[in-house]
Structure formats: C-alpha cells, structure tokens
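Quick notes on the structure that follows.
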Amino acid sequence: MRKRLPFILLAWVLADIYFFRAVGTLTNNDFILGAYWLVDFLIAAGFVLLMAQRKANRPPGNAIAWLMALTLLVFVPKIFALPVLLLEDITRVFRHFPPPAIWVSQLALSIVAFVFFSLLYGMTGGRHRYKVHRLTLKFDDLPEQFDGFTITQLSDIHAGSFSSRRGVEKGIALVNRQKSDLLLFTGDLVNNKASEMDPWMETFSKLKARFGKYSVLGNHDYGDYTTWESSTAKAANLARLKEVHKEIGFKLLLNDSTQITEDGASIALIGVENWGKGGFHKYGSLTKAAANVPDDEFKILMSHDPSHWEAKALEHGKHINLALAGHTHGMQFGIELFGFQWSPVKYVYPQWAGLYERNGKYLYVNRGFGFLGFKGRLGIWPEITVITLKRSQASLSS
C-alpha cells in the first residue's frame, strides 16, 4: 500500500485539477470555487492528524474508516467523470482549441452527482442490505442420510466496522429464518482485535443450527494489521479471540476436522487456519487438518481465502467435495444483474464470488456479512449463503 500511495495521491491531485476546470466552466462564484479546495484541505489535514495519533500510539478508533469513506465520496465520482472531459479535450485538439463546452461540463457534473449518491446509498442502506443466495449441489458420494441437508455459510463479519445494532440484528434474524441444519463461518470475525466483538457477543450468540456452529480464522483474526505493544499482547489477543468463538457458540477448527453424524452416517468437516497466496500468511495446513479423515468420506472444507482451493485443495490426495471460502468481499463494489457478475477484485482473485467447479469438486465464495475499509457496499450486497446437499439420482437408484 505504501508503494502505491504516491500514485494514488498523484491521481487524486490530477483528477481534482482536471475536474475543477469543469466547475469553473459552470460558475465563477468565489465561495463555490473556494469550497471545492477547502474540502480537499480538510481531508488532507484529517490524514495528517491521524498519522500524528498513530505515532503517539493513540488509536484513532473509527475515525480512519470515516475519513476513508469521505475520501471515496470526494475522489471516486471525479474519476468516473474524467473520461468525458478527456474525450472533449481530444476533440478540441482537432477543433483549434475552442473554449470547453458548457454541456460537457454539465454532463461531467451529472455523472459525479450520480456516482456520489450511489456511494452514499452504499454507505447507508447498502451495508445491511442482506441477500440470501440459495443453491443446490448434487453429489454421487453423499450419504443418503444427508440428502436434503442444509448449510448456512457466513463469512467476513468484521465486527469492528459495525455501528448499527438494528442493521446487524436484521441480518442475524435473517440467518435464523433459514433454519439450516448446520452453520459454518469462514473467518474474519474482527478487523484486528478481539475486543471489537465485545458489543456484539449477545447478538451473535443468537445464531442457531440443529447440528451446531463451526468456524475458522481469517487473515484479519490474527492481529497482523495493527501495532501491538509486545508479542505477548498480540498472542493474548489471539487467545482471547479463540475464546470469543466458543462463547458465542462456535466450535473453532484450527487445522483440524470433525464428523457430522446423522442416522449412523457421517460427513467430514475440515477447517484450516488462514492460507492465502501472495503476501498473506500461510498458517493453514490441509494435510494436517485432513489427516484423520477417511479417504472415502464426504468432505467439506472451510478455508477463508479462496486461493487456497486452487493452490492446495484441488491437488490434495483426499477428494474435497466442497470448499467454502470468503475473504474477497466481492470488493464490496460491482455489478450483479441478470446473471452478469463483475467486480474489480476478479482481476486479483479468479474465484471471487459464488460457485466454481472443477472435476466434480466445488468451491463457494461468500461475499461477506460485514464490510471493511469502505463503510458500505454497492452492487455486491452482504451475503447469507444457503446450500442444500443432494444425492444424485443415479446414486439413489443404484
């Protein structure tokens, strides 16, 4: 991020200067023109103050998230308007540089307004616009006793970002209304610290499932993205987070497995610690987690980062029927309409949202229950996944 910061700042400054010309084309009011730059000054001053707080070891709380949200509201809409202004300037070269057209500036301003209010909605209504994604998966080797078995998957709660109890409780109630047999959580309970869950313990304790609730850790759960006074404090935070999982009723699987049994039959549930490609820590060990699982048993893998599926699960000696992941959030921004899916995160993660299949092995990537960084969602709504396991007809008749 630090390497990219100079480029981000340069893009910000250039976008501001360029769009300011469009504003100047529409008005010469000194108050409006002065306010344009005052907003930038206040945002820059806010970041300077936050940096000073961090150096003084004074935690900024939610201030950084709100400042990032304001920055997005001010900066991103201008980026969307730049192509219109740039196209006009290209045509002006061939028209002997006439003054900028007022209607082009009006169009650019309309685009900015549309994107601004869309982002504003994402930060208010979008963050708790929970959507239930339902799918049915058929398997030849699913035990008959589990035909019709239902699983609700949650991922990426990020409790430290929440501010609306009513919004979160709406999501919890929607989860319970699914009445699934099993509830699985695929990591990132907090942003950095176990204490972020303190206000939400009672709320998440209300989650229910007949066969229990199971969880794994995500990359944010280890406290790797914040400053600790000592390694002992960091270790104590992780130990406390593990206790939190237990206190809200989740059995945490740490490179381990368990069996879910029904009428004498069983399926294996495997949970690994976080393992991610690139610079993410690789705490997880699928080999260790699946060591005690019989080769012929139906297997469900819980692994926070979807890159683990392609890198490790697909090539593993034991057939992993279904892997569940999260992590990407669908970038909390994108388009999902009439079967079409797009988000910028797809250029980083080939498996970024929804269902993927390869050689009879499935991966489902949950879009996340909460949010991080951008205090909202736009187009990629918070997700509750309900998966129904079915035994294929060919297996039932054999």
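Using only the heavy atoms of the protein chains and a 1.4 Å probe, how would H245, H133 rank by accessible area, largest first? Spell out each step's value before the answer.
Details: H245 0, H133 30 Å².
These residues rank, largest area first, as H133, H245.
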Practice prompt. Read through the labelled values (1) 32, 27, 19; (2) 44, 25, 19; (3) 40, 24, 20 and report the label of the one computed as semi-axes √(5λ) of the Cα gyration tensor in Å from the structure.
Written response: (2)
Worksheet item: Taking a ≥ b ≥ c as the square roots of the eigenvalues of the Cα gyration tensor of the stretch 49-204, is the shape rounded (a/c under 1.5), prolate (a/b larger than b/c) or oblate?
Response: oblate
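What number, in percent, do you get for the relative contact order of the chain if the mean sequence gap of Cα pairs under 8 Å and at least 6 apart is divided by its residue count? Provide the component values of the computation, followed by the final result.
Numbers: 729 pairs, mean separation 79.6, N = 398.
With pairs under 8 Å counted, the relative contact order is 20 percent.
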Discussion item. Probe radius 1.4 Å, ligands and nucleic acids left out: which of D181, D256 has the largest accessible area, and how do the rest follow?
Written reply: D256, D181
Worksheet item: For the stretch 296-398, which GluC sites (Glu not before Pro) are both in a DSSP coil and crowded by at most 14 other Cβ atoms within 10 Å?
Response: E315
Practice prompt. Identify the chymotrypsin sites (Phe, Trp or Tyr not before Pro) of the stretch 147-190 meeting these criteria: DSSP loop state and at most 13 other C-beta atoms within 10 Å of the C-beta.
Written response: none
Worksheet item: By how many degrees, 0 to 90 and rounded to 10, does the Cα axis of helix 30-55 deviate from the longest principal axis of the chain?
Response: 40 degrees
Fill in: Inter-label distance for K138 and K170, nm, one decimal - labels placed 7 Å from Cα along Cα-to-Cβ
3.7 nm
Worksheet item: What FRET efficiency do you get for A35 and H316 if R0 is 51 Å and r is their Cβ-Cβ distance, rounded to the nearest 0.05?
Response: 0.30
Fill in: Spin-label proximity, T258 to the stretch 187-223 - amide N less than 11 Å from point 7 Å beyond Cα toward beta carbon
211-216
Fill in: Accessible-area order (highest first, 1.4 angstrom probe) of the listed residues Y283, Y225, Y347, Y36
Y347, Y225, Y283, Y36
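Where does the chain land at 222 nm, in deg cm²/dmol rounded to the nearest 500, when only DSSP H runs of n ≥ 4 count, each adding -39500 (n - 2.57), divided by all residues?
On the way: 9 runs with 146 residues, N = 398.
Value at 222 nm, helices only: -12000 deg cm²/dmol.
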Worksheet item: W381 accessible area, nearest 10 Å², 1.4 Å probe?
Response: 40 Å²
Fill in: Greater than 28 Å apart at Cα, pairs in K277/K299; K208/K318; K213/K390; K170/K193; K170/K361; K282/K361
K208/K318; K170/K361
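The values are calculated or read from the model by the stated rules, or taken from the named source; none is laboratory data. From a predicted model like this one, the values you see are computed outputs, not experimental measurements. Neighbour counts are summed over all protein chains in view; Cβ atoms, including those assigned to glycine, are modelled from backbone coordinates with ideal geometry. Surface areas here come from the heavy atoms of the whole protein model, side chains and all, with no ligands, DNA or RNA. Shrake-Rupley method; radii C 1.70, N 1.55, O 1.52, S 1.80 Å.
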